[in-house]
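Where a number appears in this text, it was derived from the coordinates with a stated rule and is not lab data. Note that the structure is predicted; figures quoted are calculated from it, not measured. Positions of Cβ are backbone-derived with ideal geometry, glycine not excepted, and every protein chain shown enters the neighbour counts.
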Amino acid sequence: MRTPKLRAVLLTMALGSVPPAFAADEATMIADAADRLAASGKSLVIANDKLHALLNDADPANDPVLISVCAPDDYAKAHLKGSINIPRGAFWKPASVAKLPAKDKLVVTYCYTGTGAIGPAVVLNLMGYNAMQLEWGTMGWSKSDAALGPATRFPESQQDYPVDTVPTATAVTYARPLVATGKANLAEVLIARGDAVEMADRAVSMTAEQVQAALTDSNPANDPFIVDTRLPADYAKGHIKGAVSIPAATLYQAGSLAKLPLGRRIVTVDYNGQTAIGASYLLSILGYNARGLQFGMMGWSKDDKLIGAARRFPADQRDYSIAALR
């Protein structure tokens, strides 16, 4: 016979709310939600042509909510018409969260180059929103450098560093991170951890030059742990020497997370930098010291076989209109 107390616990669990007493393993809660999202195959990036079509068709009901995560001064100079400004550094503050729309609306976040807005978009999906990042950010939306803020337009940062085809073995098993916000449910845990990550004020990405410098200097202790999230077949064609292959679809599974060292800097790598920084953002929320490789293998090498089906920027460059507050 179920006691009233037991019935209350079962009801709480059924509603998807985990009381603080049951939230001792918040890291697992986050990782499980992230794994479900990764396994779903949902695209978290929207092309500029598709977004432009949504905004300019005859159906205003399908217009997404646009959120610029750029700095306020840069938003004032140039932004997509109709967008609101929630700077990434303040994205998880109560006043910012209060600006989020109903969960039945498509949310499109955007930044300067497609590196800074994917993190919030990923977390919003874990919270039950339908969120995507604008591919290439304002860099791909407009040819106006006024919309770039402090960023530089690719391929200014294009490199052609060597790659390796020898797979890297991962025999060591590392401890799992501890996340203990004491919050009542997944959304509250994510908001608390997201704010903590932003308050740490760390860069979400590393350039190819920065990664190469760290790997080739005289101090092996500062070598980052490289996680290649591309498909295994593409990893086999060529990867950064020493990189471990953990495909994006399995990154948050227990066996994959056990390969990641706590405390050591982790750099996630994808095809063009548009998704791996979302992975590094979630890993940071989980307690890892993670960053994504800016522009991915596209920025690391000029070899197109390394970027899979992705297109090398500026193949998708457009020159759509932008708005300004001044």
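Per-structure values
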| read-out | value |
| --- | --- |
| Rounded D (µm²/s) - the stretch 45-147, Kirkwood Rh over Cα pairs, Stokes-Einstein at 4 °C, 1.567 mPa s | 96 µm²/s |
| Computed over the stretch 185-297, the ratio Rg/Rh where both radii use C-alpha atoms and Rh is Kirkwood | 0.96 |
| Sorted largest first, extent of the chain alpha carbons per principal axis (Å) | 67, 54, 32 |
| Contour minus Cα-Cα distance for ALA61 and ILE84 (0.36 nm per residue) | 6.5 nm |
| Efficiency of FRET between ASP104 and ASP73 - r from beta-carbon atoms, R0 35 angstrom, step 0.05 | 0.60 |
| Stretchable slack from LYS42 to ALA213, in nm (0.36 nm times residue separation minus alpha-carbon distance) | 58.1 nm |
| Pairwise FRET efficiency - LEU325 versus LEU231, Cβ, R0 = 30 Å, nearest 0.05 | 0.10 |
| The stretch 151-225: GluC sites (Glu not before Pro) in DSSP coil with no more than 15 other Cβ atoms inside 10 Å | GLU156 |
| Simple spin-label estimate for HIS52 and ALA254 in nanometres, 7 Å along Cα-Cβ | 4.8 nm |
| Gain in span if fully extended, ASP223 to ARG311, counting 0.36 nm per residue against the direct Cα distance | 28.7 nm |
